[in-house]
Amino acid sequence: MYRGREGQWAFVLHRLTGVGLALYLLLHVIDISLVMFGPEGPFNAFLAFYHQWPFRVGLILIMAAVVYHAFNGIRIILMDFTDWGVKYQGALWYGAMGLTAIVGIPVLIKVVPEILGIA
């Protein structure tokens, strides 16, 4: 019977953050490649488009995804290359989530006002 424990949540969140980061990278490469069309080309239009609030919120989510994906990746490495990793995978996941909060909250406190134009 499916129970949805820590390992399943870690798997789902790792895949979602990975796909989100890959899509952001693709969008970033396309955006930067528009510079070659000159200053009056589509690059400035895209910059204006990206300054709307949904993209600003998306930037905050991307930062959170980077932090979680990194710490969960370390968790996966520990599970793969140690004898004790699988035994303590639940505790490692809670540790990854805790480290994500410890690192992510100060970053968000600094960056959110700037992104949302409050600062």
Would you confirm whether any residue within the range 1-19 is within 21 Å of residue 116 (Cβ to Cβ) and not charged (D, E, K, R)?
no
Of the residues in the range 26-67, those that are among the charged types (D, E, K, R) and within 22 Å of residue 107 (Cβ to Cβ) number 1
Do you know which residues across the range 86-115 are closer than 18 Å to residue 13 by Cβ and either within 11 Å of the chain's Cα centre (by Cα) or not aliphatic (A, V, I, L, M) (or both)?
89, 90, 93, 94, 95, 98, 100, 104
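Taken together, the values in this text are just the output of simple stated rules run on the coordinates, not laboratory data. Computed from a predicted structure; not experimentally measured. So basically every Cβ, Gly included, is an ideal-geometry build from the backbone, and we count neighbours across all protein chains shown.
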